[in-house]
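Only one structure is covered here, and it is reproduced in the block below.
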Amino acid sequence: MANSIRRYEGRHAVITGGASGIGFAAAARIASEGGTVSLWDVDAGKIGEAKAALGASAHGFTLDVSDPDQVEQAAAETAKVFGKIDVLICSAGITGPNAKVADYPIDAWKRVLDINLNGLFYCNRFVVPIMQKNNYGRIVNVASIAGKEGNPNASAYSASKAAVIGLTKSLGKELVHDGITVNAITPATVETPILKQMQQFHIDYMLSKIPMQRFGKIEELASLITWIASEECSFTTGAVFDISGGRATY
Ligand SMILES: NC(=O)c1ccc[n+]([C@@H]2O[C@H](COP(=O)([O-])OP(=O)(O)OC[C@H]3O[C@@H](n4cnc5c(N)ncnc54)[C@H](O)[C@@H]3O)[C@@H](O)[C@H]2O)c1
């Protein structure tokens, strides 16, 4: 889709989890504004559908972000093909099961932390040196309101997202002289395929906590993300952007 706003002309963006939901919406917006995008996702089928929808400006890379070797290779290959990485949006994530801490399956806990936190760390870790070569970069880490408030029956998810906020604040300060900003967003519930991973009672709980009494829309997420990831957002780093329909109180 053509767009008269062209903030991403000449820019290359990597979007993890870019084959679905929030990541896909951000990728579509960047492509519509003249950028090229690399979709890093574990789901090869969804990558194919996303590439077909976005056209020639989209490239796919099938990888599991929880494997540091795969992330290192993806970063190196992306830099080789496109010569640089200007933008990194880390949207890959899972919810894990809904259960109380005392019942939480240990394997599920480890998997949620491995994808949502460790995987995001690997992506930041291996893309930053590529951005430093050009003294330019915009990193947007997708956390969650769950990381600020803690949702009951979602301790692994809440803990992983709180840790993403901590990592973002830390890395933002490390890179203040490198032309690279690092920010996080903390959405309340957005209607995407991820909701299929949760039980209905939990989705109802999350909706009941949103004063606007509706879910966020992926277009609303894409709008915020693509402003933070643009050149225009230049004096904010290590920050946490609310997008929660009024739920967040800090
Ligand atoms: N939808 C919401 O309500 C909501 C709210 C707050 C935060 N978030 C966060 O937003 C991000 C995107 O979620 P979404 O709602 O778009 O969900 P989604 O399920 O539509 O998209 C997530 C994408 O991540 C990919 N992915 C999962 N595990 C992966 C792995 N190991 N390696 C590579 N890719 C992997 C999936 O294949 C999928 O394409 C997640 O981090 C999620 O926690 C979502």
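The values are calculated or read from the model by the stated rules, or taken from the named source; none is laboratory data. Owing to the predicted nature of the structure, the values given are computational and were not obtained by experimental measurement. Glycine gets a Cβ as well: all are built from the backbone with ideal geometry, and neighbour counts include every protein chain shown.
Having 3 or more residues that are in contact with a Cys (Cβ under 9 Å, 6 or more places away or on another chain) is the bar; report the strands (runs of 3 or more DSSP E) wholly within the stretch 1-77 that clear it.
By residue number, 12-16.
For the stretch 131-170, name all the residues that are among the hydrophobic types (A, V, I, L, M, F, W, C) and within 20 Å of S230 (Cβ to Cβ).
If the condition is that a residue be among the hydrophobic types (A, V, I, L, M, F, W, C) and within 20 Å of S230 (Cβ to Cβ), then M131, I139, V140, V142, A143 are the ones that fit.
So which helices (runs of 4 or more DSSP H) are wholly in the stretch 100-214 and hold at least 1 residues that are of a type in the set (S, T, N, Q)?
So the answer is 120-132, 155-174, 200-208.
Just to check your reading of the model, which residue among V71, V112 is closer than 14 Å to I15 by Cα, within 18 Å of the chain's Cα centre (by Cα) and β-branched (V, I, T)?
Result: V71 is the single residue among V71, V112 that is closer than 14 Å to I15 by Cα, within 18 Å of the chain's Cα centre (by Cα) and β-branched (V, I, T).
With respect to I194, is the statement that it is crowded, with 19+ Cβ neighbours inside 10 Å and either within 15 Å of the ligand (Cβ to nearest atom) or on the phi > 0 side of the Ramachandran plot (or both) true?
no
Under the condition of being within 14 Å of the ligand (Cβ to nearest atom) and closer than 29 Å to D178 by Cα, which residue from the stretch 79-113 is surrounded by the fewest Cβ atoms within 10 Å (Cβ to Cβ)?
Looking at the filtered set, the residue picked out is L113.
Considering only the stretch 130-138, I want to know if a residue exists there that is at pLDDT 95 or above, within 11 Å of the ligand (Cβ to nearest atom), surrounded by 19 or more Cβ atoms within 10 Å (Cβ to Cβ) and of a type in the set (D, E, K, R).
No; the residues of the stretch 130-138 include none that is at pLDDT 95 or above, within 11 Å of the ligand (Cβ to nearest atom), surrounded by 19 or more Cβ atoms within 10 Å (Cβ to Cβ) and of a type in the set (D, E, K, R).
Give the stretch 193-246 a look and list any residue that's closer than 17 Å to C90 by Cα and among the β-branched types (V, I, T), or say none.
I194, I218, I225, T226, I228, T237, V240, I243
For the stretch 35-47, indicate whether the set of residues that are more than 19 Å from the chain's Cα centre (by Cα) and modelled with pLDDT of 95 or more is non-empty.
Yes, the stretch 35-47 has at least one match.
With respect to G238, is the statement that it is surrounded by 17 or more Cβ atoms within 10 Å (Cβ to Cβ) and at positive phi true?
It is true that G238 is surrounded by 17 or more Cβ atoms within 10 Å (Cβ to Cβ) and at positive phi.
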